[in-house]
Structure formats: C-alpha cells, structure tokens
Amino acid sequence: MRDGVNFARIGIPAVALVTDEFWPQGDFVAQSLGMPDVPRVQLPHPIAGTGTKNMKAIAADCAPAIIKALEADHD
Amino acid sequence: MTDLFSAVDEAAALEDLHNRNMTDGLPVIIPTPARVSKMVLASGQDADMVLGAMGPANGMATLEKVAVAAVMAGCLPDYMPLVLGAVKAVIDPRFDLTEMQATTHCTAPLIIVNGPARHTCGPVSSSYGALGPGHRANASIGRALRLAMINIGGGRPGTSDMALLGHPGKFSYCLAENEEVSPFPPMHVDLGFDSQDSVVTVIGAEAPHSVLFSGDGDDPNQYELLLEILAIGLANAGTNNAILTGGMATIVLNPEHASVLHKAGLSRQDIASEIYQRCEMDGAEANRLCAGFARKTLKPRQAFTGPDQLLILMSGGSGLYSMVMPSWSAGANKNSAVSVKVEADFYCEVPSFVGA
C-alpha cells in the first residue's frame with residue numbers, strides 16, 4: 001500500500017494489490033498517509049506459498065480489475 | 001493539546017479507554033490532567049515539545065502524549081527519562097518503526113538500560129526475572145512504550161499491527177544490564193558511550209529463547225561448546241536471520257556463562273566474532289527448507305552481516321540458562337538497534353505523585 005501511495009505521489013499510475021486479510025490494514029495505511037482513495041484491488045488470502053498454478057489463476061482473475069483501476073486513474 | 005475525554009468516574013473511564021482500543025487489554029491508570037501534568041513536570045521539559053512522528057499512523061509524539069502513556073502504564077515520575085529515551089529510540093528512522101509495527105512477524109521493542117539511570121530512574125532489574133513479572137520499573141517502562149506505540153503510533157492488532165500471534169514481550173520488554181556482576185565492560189561503553197552515561201538501547205526482538213548450558217570446569221575448551229549452542233539457538237534454520245540473512249539480534253548471558261567466556265580470555269567483541277562465525281548455514285540447506293525466501297546461493301552463508309550485528313549483555317539470575325533473541329531482520333535498516341543517551345539533567349523530583 002505504501003508503494004502504491006509513493007508511486008501515486010510522484011505521478012506514476014499505480015494499483016496496490018492487497019489480500020482480503022490485509023484490506024483493513026491497507027485502508028489504515030492509506031488514510032494515515034493522507035491518500036485514502038489510492039487505487040487498490042483485493043486478492044484472496046493467502047497467496048504466498050500456494051503454488052504457481054494458483055498464483056496464475058489469481059493473476060488471471062485480478063488482471064481485468066487492475067486494468068480497470070489503472071484506466072480510472074488516468075481519467 | 002491532547003484530546004480530553006470525560007467519564008462519570010474512573011471505572012467508567014477505564015471501560016471507555018478499553019472500548020476505544022486505547023489500552024493493551026489490561027487495566028490502566030486513568031491519565032487525568034493532574035497526573036499527566038505531574039509526569040510532564042517531572043520531565044522538566046515543555047508539554048508540547050515534539051519528539052517526532054510514530055508510525056504507522058504518523059501520530060506526533062509530544063512530551064505530553066508520552067506522559068499520558070507513562071501514566072497509563074503505571075510509571076513513577078522517576079522513570080520518565082527512560083520512557084522518553086525509549087520513545088526517542090524507536091522514532092529514530094534507523095529503527096523502522098512503521099514497518100516493525102505493521103509486520104506479520106513477532107517482533108517487539110526490547111529496551112536495554114545501561115548506566116547510572118538503572119538505579120536513579122528505576123531501579124530497573126537486571127537479576128532474577130528481569131523480563132517479568134514482578135519488577136515495577138521493567139514492567140511499566142516497557143508498557144509505556146507499548147501504549148505510546150498503540151495510541152500515538154496507531155499499532156493495533158489485526159488492522160495496523162499484523163503480527164500473526166505476537167508475543168508476551170509486546171506488553172513490556174525491558175531489562176537492565178547487570179554491570180556490577182558482569183566481567184565485561186558495560187554494553188554501552190563498548191557501543192562508544194562514556195561509562196557514566198545512561199543509555200537506552202532498543203532493538204526489535206523475538207521472545208527470549210532459552211539456551212541450556214551446563215559448564216564442565218574440568219574441560220578447558222567448554223567455552224567452545226557454549227559458543228556453539230548460543231549460535232544454534234540464535235540462528236537455527238527456522239529464524240528469519242538464518243533464512244533471510246542479516247538483521248541485528250540479542251544475546252543475554254547469565255553470570256555463569258559470561259564467566260565461562262571471560263575466563264577463556266574472550267572480550268565482548270571476541271564473543272560476537274566467534275558466535276558470528278558459528279552462525280553459518282549451508283546455502284543448499286536453506287533453499288531446501290525455505291526456497292521462497294532463502295537467498296539463491298548454494299554457498300555457505302552467515303546469518304548476520306558481521307559481529308557488530310550481535311548485541312551482547314549480561315543480565316538475569318544465576319543458573320543454567322542464557323537467552324537469545326533472534327529478530328525480524330527486515331525493514332530498510334535491517335532491524336537496527338538504536339541507542340539513545342538519557343538526558344537526566346532536566347528532570348526534577350515531584351513529591352506526592354501517588355494519589356493524584
């Protein structure tokens with residue numbers, strides 16, 4: 001989330017990827033850094049260690065949402 | 001000025017603070033304006049003096065807000081120089097407080113006190129059960145730092161403090177070095193401070209891991225076994241230090257173990273060097289056990305980047321057990337310890353604090 005905020009601050013379109021378990025923490029960090037609406041996409045939890053097949057499936061599922069968020073960021 | 005809440009009585013105030021998630025889960029002393037004012041007065045400094053921002057909430061730690069935490073924790077005014085030293089240490093950018101508060105790892109700030117303030121601002125125990133329970137200064141100074149991290153820094157479990165399980169040292173984690181019994185120079189002297197300085201050193205640390213060693217006075221090489229077992233405890237294959245490599249970590253020697261190493265002619269620096277060399281892991285083994293995080297090398301690798309990454313002190317009662325505290329070892333500054341000289345000259349005694 002901090003990376004997303006930092007990129008946004010220097011004008012680079014960014015989308016933070018946050019798992020559902022960490023979604024409240026993401027909200028907290030975004031608010032504490034003064035950018036509560038920084039774009040983010042929710043992913044299932046956990047991802048780390050779940051294997052290549054699962055990670056590819058999650059990537060395929062979330063890619064449209066990431067593109068949509070990036071397009072919205074450019075508006 | 002700090003926000004003021006009101007309640008019909010102290011019992012209601014306590015429930016209100018619990019409901020606002022402003023406690024550590026235990027009862028606190030209600031920080032009434034009178035109590036906080038006396039704590040500020042004891043510091044001899046202005047209430048609005050800014051110490052710095054505490055992450056992840058980026059709350060501004062003023063002297064008054066730290067005094068609120070100290071009152072809530074049950075500190076005596078005498079403890080304030082050490083509480084302020086600990087807060088200053090974690091605010092130092094080298095400490096990576098924001099990242100440390102937010103990580104899923106079980107890390108807590110371990111406060112180590114050296115110098116005359118162990119007595120004048122305490123007593124801070126360095127003997128039996130120094131890490132608790134039963135020692136008021138140890139218990140409340142560490143707790144004051146934690147309450148500041150909660151209420152100023154915003155570290156709350158499950159939303160901003162994502163430690164999967166935490167550890168009991170997150171309530172309080174504070175001890176002194178037993179400089180009077182240790183055969184080595186005080187730790188702060190080896191860190192470059194004057195022996196008459198009072199110093200608070202804070203390091204992110206896992207819970208203490210016991211290291212059992214029963215010496216054999218007939219074996220002139222027994223010290224080598226002790227060094228080996230300390231290294232195994234400190235950087236076994238399950239630790240972040242062994243797998244991620246790097247980060248500072250802590251070794252708390254008991255009097256017997258310190259004596260064994262001292263009689264072998266080892267200085268603190270020698271001990272650090274010997275343990276550093278023994279904290280070695282085969283690269284292939286690290287990759288077999290934790291391929292996702294181990295560095296991609298098959299060569300032997302050290303758990304630490306150098307002997308200076310090991311904090312070594314002597315504390316605790318007499319017996320068979322020393323303690324080691326592996327660390328999170330992450331963050332931009334790789335789990336750096338930060339030492340702060342305690343500025344005791346400002347402080348004044350405040351009579352009749354109890355019952356205020």
Semi-axes of the equivalent ellipsoid of the stretch B:130-277: what are they in whole Å, largest first, if each equals the square root of 5 times a C-alpha gyration tensor eigenvalue?
30, 20, 14
Explain nothing, just the number: dipole magnitude of the stretch A:1-45 about its Cα centre with +1 on each Lys and Arg Cβ and -1 on each Asp and Glu Cβ, in debye rounded to the nearest 20.
180
Arranged by the count of other C-beta atoms within 10 angstrom, fewest first, what order do B:Thr98, B:Thr2, A:Thr52 take?
A:Thr52, B:Thr2, B:Thr98
Among B:Pro220, B:Pro123, B:Pro93, which one shows the biggest mean-square fluctuation in a GNM of chain B, springs joining Cα atoms closer than 10 Å?
B:Pro220
Per-pair calculated FRET efficiency, R0 = 35 Å: B:Lys341 and B:Ala34 via Cβ, rounded to 0.05:
0.70
Tell me whether the stretch B:89-130 comes out rounded, prolate or oblate; compute the Cα gyration tensor, take square roots of the eigenvalues as a ≥ b ≥ c, and use a/c under 1.5 as the rounded threshold.
oblate
I'd like to know which of B:Ala13, B:Ser43, B:Ser126 lies farthest towards the positive end of the charge dipole of the protein assembly as shown, counting +1 on Cβ of Lys and Arg and -1 on Cβ of Asp and Glu.
B:Ala13
Could you tell me the center-to-center distance, by alpha carbons, between the stretch A:41-73 and the stretch B:89-149 in angstrom?
40
Mind checking the angle between helix B:136-151 and chain B's longest principal axis? C-alpha axes, 0 to 90 degrees, to the nearest 10.
70
Calculate how steeply helix B:268-278 sits against the longest principal axis of the alpha-carbon atoms of chain B, using the helix alpha-carbon long axis, and give the answer as 0 to 90 degrees to the nearest 10.
60
Going by C-beta contacts inside 10 Å, put B:His135, B:His18, B:His105 in order with the fewest on the left.
B:His18, B:His105, B:His135
Whats the longest run of chain B with zero GluC sites (Glu not before Pro) that are DSSP loop and have at most 13 other Cβ atoms within 10 Å?
B:1-179
Treating each Cα of chain B as an identical point scatterer and ignoring solvent, apply the Debye formula and state log10 I(q)/I(0) at q = 0.11, 0.12, 0.14 Å⁻¹.
-0.72, -0.85, -1.11
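By how many nm would the segment from B:Asn236 to B:Thr297 grow when fully extended, if each residue of separation counts as 0.36 nm and the alpha-carbon distance is taken off?
Extending this stretch completely gives an extra 20.2 nm.
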Share of pairwise Cα separations in the protein assembly as shown, more than 26 Å, in percent
59
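Hey, what number do you get for the protein assembly as shown at 222 nm if only DSSP H runs of n ≥ 4 count, each worth -39500 (n - 2.57), divided across all residues, to the nearest 500?
On the way: 16 runs with 160 residues, N = 431.
Using -39500 (n - 2.57) per qualifying helix, the result is -11000 deg cm²/dmol.
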If exposed trypsin sites (Lys or Arg not before Pro) are those in a DSSP loop with at most 16 other Cβ within 10 Å, what is the longest stretch of chain B that has none?
B:21-294
The stretch A:2-74: mean projected area of Cα convex hull, nm²
4.8
Compute the projected area of the convex hull of the Cα atoms of the stretch B:33-125, averaged over all viewing directions, and report it in nm² to one decimal place.
6.6
Compute the acute angle (0 to 90°) between the alpha-carbon long axis of helix B:33-43 and the principal axis of greatest extent of the alpha-carbon atoms of chain B; round to the nearest 10°.
50
What residues qualify as long-range amide H neighbours of B:Ala330, i.e. H under 5 Å apart, gap of 5 or more or another chain, H built at 1.01 Å from N?
B:Asn335
Rough spin-label spacing in nm, given labels placed 7 Å along Cα→Cβ, for A:Asn6 and B:Leu26
3.6
Between B:Arg136 and B:Leu4, what FRET efficiency comes out of the Förster formula 1/(1 + (r/R0)^6) with R0 = 41 Å and r the beta carbon distance, rounded to 0.05?
0.90
Derived scalar couplings ³J(HN,Hα) [the stretch B:175-180; Karplus, 6.51 cos²θ - 1.76 cosθ + 1.60; whole Hz; x for Gly, Pro]
8, 10, 8, 7, 5, 6
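Of B:Lys38/B:Lys88; B:Lys263/B:Lys299; B:Lys170/B:Lys296; B:Lys296/B:Lys334; A:Lys56/B:Lys299; B:Lys65/B:Lys170, which pairs sit farther than 23 Å apart, going by alpha carbon to alpha carbon?
B:Lys263/B:Lys299; B:Lys170/B:Lys296; A:Lys56/B:Lys299
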Under a plain spin-label model, where a point goes 7 Å from the Cα along Cα-to-Cβ, how far apart in nm are B:Asp16 and A:Ile58?
4.3
Which helices, taking whole DSSP H runs in chain A, have alpha carbons extending 27 angstrom or more along the helix axis plus mean Kyte-Doolittle at least -0.5?
A:52-74
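FYI, it's all coordinate maths here, none of it is from the lab. All values reported here derive from a predicted model rather than from experimental measurement. Cβ: placed from backbone, ideal geometry, glycine included. Neighbour counts: every protein chain shown.
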